[in-house]
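As structure tokens, the structure follows; a few thoughts come after it.
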Amino acid sequence: MVVYVEGVGMTKIDRHYDYSLKDLAANAAFAAIEQAGGVDGIDYLVFSSSLSSLQDNQLDTASYLATSLGLRGIRALNVEAGEASGLAAISVAKSLLESHQADKVLVIGAEKLNEFVSSKVYKQLQMLYDGDTKSFYNIGFAGDAAILMRLYMDTYNVDRELMSYWPALMHSNAKENPYAMLNFAIKPDKVAKSQILADPITLLDSYPLGDGAAAIVLSNKDMSSSPLAKISAIESSTGYGSIELSEDPLLFDSLSEAFRRISNIADTSNLDFIEIHDSFTITAMIILETLGLANRGKAAELVSTGYFSPGGKGPLANPSGGLKARGHPLGATGVYQIAESSLQVANKFPGVKANNAKKGLVVSLNGLGSSSYVALVEGV
């Protein structure tokens, strides 16, 4: 069943020391509600966040948030799926609409990653790994990304400089996005020369820690008046999420299965744009190849030749700037991706636009693919 996006709201991703999690959530929610024509008909709130219950010492945030927004009496629930929490929450909201448990759902994703010192936040981020194996002793996200990037470069004989075009493209896109955290341009030759996090991964290969909130109002067909977009399908899958256990570390097994499932129920060909989970440069390359948008070992070359750039032959990649430059407020990211994609197909996105966009694919992962979510967003 198709569900419709009635309104969206986003805050700029930044270090919002002066705003609480509820403040950010409220700013995004009120913008989405206003665009949707008001609160009439909203009967469910779904809230997504990864770390808020750890940082705020608060449980049942969705209910308290609903009341603070003046929506007391509606149903509310929290959804947490690590980095994929935002798209997981939208999947739950879609299911509520499809099963007629709700007529109109407000989905809010919010995260504060600069509330505490970085060392504490990074310790909390380790919980995105498997707690029985890697979350206590591990080499960290950059370390895993470095292993994958070195394996990719050695396996496919890819030059390090070729990998630098993705971050440059993301920054180029983000500088047009008023909601992006790193909205400035960089040149490819600066990427490899930036601070090394875990060789060959550098600072400019990685996403920034940012605070932010995004919200969307979803409805079923009967409630829809003048929607921005429709979400035609959402699918997901679990996977190993581990370099050590995977039979092929250069392919995300959960994403492969989620994409197979969504392709069985919706037309995923002829995409105008994609919004993917580029937590690191190598993550983007593996996603592009897992989706079949590039042959194995050829994604970096296609990026360098402008294939995924504005005006390129392929789907426009991350017109928002992606996790790399828009920023990655964990549990809110998937909601940002759907909000941005909805504005794209409505020709209302305030940044880089895909030409005459009718269809886009959104991809959100946790870690190295312990779960993957894929959504198809289309114009109405």
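Observations on the structure shown:
- The orientation-averaged projected area of the convex hull spanned by the Cα atoms of the range 299-380 comes to 5.7 nm².
- Using every pair of distinct Cα positions in the chain, the Kirkwood expression returns a hydrodynamic radius of 20.3 angstrom.
- Taking the average, over residues, of other Cβ atoms within 10 Å as the packing measure, peptides 344-350, 144-150 rank 144-150, 344-350 from highest down.
- Calculated FRET value between ILE265 and LYS123, using beta carbons and R₀ = 45 Å, to 0.05: 0.70
- Computed over the range 1-85, Kirkwood Rh from alpha-carbon pairs, angstrom: 13.9
- Extension gain for ASP43 to GLN195 (0.36 nm times residue separation, less C-alpha to C-alpha distance): 49.9 nm.
- 10 Å binning of all Cα-Cα separations within the range 108-193, expressed as whole percents from 0 upward: 14, 27, 38, 20, 1
- From helices alone, the chain scores -9500 deg cm²/dmol at 222 nm; the rule is -39500 (n - 2.57) for each run of n ≥ 4 DSSP H residues, then divide by the residue total.
- Translational diffusion of the range 54-125, estimated by Stokes-Einstein from the Kirkwood radius over alpha carbon pairs at 10 °C in a medium of 1.306 mPa s, is 115 µm² per second.
- Share antiparallel - DSSP beta bridges, the chain, percent rounded to 5: 70
- Among ALA36, ALA62, ALA266: highest mean-square fluctuation, GNM of the chain, C-alpha pairs under 10 Å: ALA266
- Sparse-neighbour loop sites [GluC sites (Glu not before Pro); the range 97-151; at most 11 other C-beta within 10 Å; DSSP]: none
- Computed with a 1.4 Å probe on the full set of protein chains, the accessible area for LYS358 sits at about 120 Å².
- Applying the criteria of a DSSP loop state and at most 16 other Cβ atoms within 10 Å to the trypsin sites (Lys or Arg not before Pro) of the range 17-100 yields ARG72.
- Here the calculated FRET efficiency for THR133 and ASN347, from their Cβ-Cβ distance with R0 = 30 Å, stands at 0.05, rounded to the nearest 0.05.
- Taking a straight line from the alpha carbon of LYS190, these lysines sit under 16 Å away, with near neighbours fewer than eight places off in the same chain left out: LYS324.
- Restricting the calculation to Cα atoms, the range 152-309 shows an Rg/Rh of 0.99 when the hydrodynamic-style radius is the Kirkwood one.
- Take the Cα radius of gyration of the range 20-152 and divide it by 2.2 N^0.38 Å, N being the number of residues; the result is 1.23.
- Within-14-Å neighbourhood charge of ASN264 [Cβ basis; K, R +1; D, E -1]: -1
- Label zone at SER20, where the point sits 7 Å out along the Cα-to-Cβ direction: the range 35-49 residues whose backbone N lies under 18 Å: 47-49
- D_trans [Stokes-Einstein, Kirkwood Rh over alpha-carbon pairs] for the range 260-339, 20 °C, 1.002 mPa s, µm² s⁻¹: 161
- Mean Kyte hydropathy of -0.5 or more with a Cα span along the axis of at least 20 Å, helices from DSSP in the chain: 21-35, 140-156
- Dipole-positive endmost among TYR64, ILE139, SER85 within the range 29-161 (Cβ charges, Cα centre): TYR64
- Share of carbon and sulfur in the accessible heavy-atom surface of the range 277-380 [1.4 Å probe, %]: 43
- Chymotrypsin sites (Phe, Trp or Tyr not before Pro) restricted to DSSP loop in the range 142-217 with at most 11 other C-beta within 10 Å: PHE184
- Accessible surface computed residue by residue for the chain, with neighbouring protein chains in place and a 1.4 Å probe, gives 39 Å² per residue.
- Each peptide among 11-21, 326-336 gets the average number of other Cβ atoms lying within 10 Å of its residues, and from highest to lowest they stand as 326-336, 11-21.
- For the range 104-185, the fraction of 1.4 Å probe accessible surface lying on carbon and sulfur atoms is 54 percent.
- Cα-projected label distance for SER226 with LEU59, points at 7 Å along beta-carbon direction, nm: 4.5
- Evaluated with a Cβ-only charge set (Lys, Arg +1; Asp, Glu -1), the chain carries a dipole of roughly 720 debye about its Cα centre, given to the nearest 20.
The values are calculated or read from the model by the stated rules, or taken from the named source; none is laboratory data. Bear in mind the structure is a predicted one, so any value in this text is a computation, not a measurement. We place every Cβ from the backbone using ideal geometry, glycine too, and count neighbours over all the protein chains shown. Calculation scope for accessible area: heavy atoms of the full protein, side chains included, ligands and nucleic acids excluded. Shrake-Rupley method; radii C 1.70, N 1.55, O 1.52, S 1.80 Å.
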